[in-house]
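Below is one structure, written out as structure tokens; comments come after it.
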Amino acid sequence: RVRWGLVVLLALTQIVGVFINVREAQNPDWRSTAAYVVERAEPGDVVMFSPGWNVKPFDYYAQGAVDVYGDVPVPLPEEGLEEVLAEPLAGHRRLWLIHEPGHYSDPEGLLEQELDSLYSRLDVREYRGLGRVILYQIVR
């Protein structure tokens, strides 16, 4: 009886694992994300990422069609985000932020709140498995 009980328990554990695996997005949709940004990008646009390692898959699909800047510093710097971004944003008119809200580096979404207070949000779109793509107007 104990063996059959363990077999049933193991089978149920496997079934639950498969169900969870099917429900969760496994591969972020970088192809569609990059296509969306590249199609709508204008001269003077720059793309930033939070977390910063997302620059690599994006740039692979964008193939250099838009300027990218590694990552936005998270947690937010004490001296203020506007001062930290002044140099990377110099000469750019719009900022595309590719952001994973709730990521362990910014679980409260403070980055979006800070950027919303600094710049005008023009567009936002959600993508499977990776979060939001937000377009900001940085030149007033």
message: Restricting to DSSP loop positions (anything but H, G, I, E, B) with no more than 14 other Cβ atoms inside 10 Å of their own Cβ, which GluC sites (Glu not before Pro) remain in the range 4-106?
response: Glu24, Glu78, Glu79
query: Taking H as built 1.01 Å from N, whose amide H comes closer than 5 Å to the amide H of Asp123, not counting residues under 5 places away?
result: Leu135
field: Mean separation of Cα contacts under 8 Å (6+ apart) over length of the chain, as relative contact order %
entry: 25
- request: Quickly work out the Glu83-to-Val2 label distance, labels modelled 7 Å from Cα along the C-beta direction, and quote it in nm with one decimal.
  value: 6.6
- line: Asp123 and Gln137 label points (each 7 Å along its Cα→Cβ direction) are spaced in nm at 1.4
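Expressed in nm², what is the orientationally averaged projection area of the convex hull enclosing the Cα positions of the range 65-105? Display every interim value, and only then the final one.
On the way: hull surface 14.3 nm².
With every direction weighted equally, the projected area is 3.6 nm².
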- request: Using packing as a proxy for protection, rank 6-16, 67-77, 45-55, 118-128 so that the peptide with the highest average count of other Cβ atoms within 10 Å comes first.
  value: 45-55, 67-77, 118-128, 6-16
At 1.002 mPa s and 20 °C, Stokes D of the chain from Kirkwood alpha-carbon radius, µm² per second: 127
statement: In deg cm²/dmol, rounded to the nearest 500, the helical mean residue ellipticity at 222 nm of the chain, built from -39500 (n - 2.57) for every DSSP H run of length 4 or more, is -13000 deg cm²/dmol
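The numbers here are math on the coordinates, done by the rules we state, and not lab data. It should be emphasised that the depicted structure is a prediction, and the values quoted were computed from it without experimental measurement. Because the Cβ atoms are built from the backbone with ideal geometry, glycine has one as well, and the counts that use them run over all protein chains shown.
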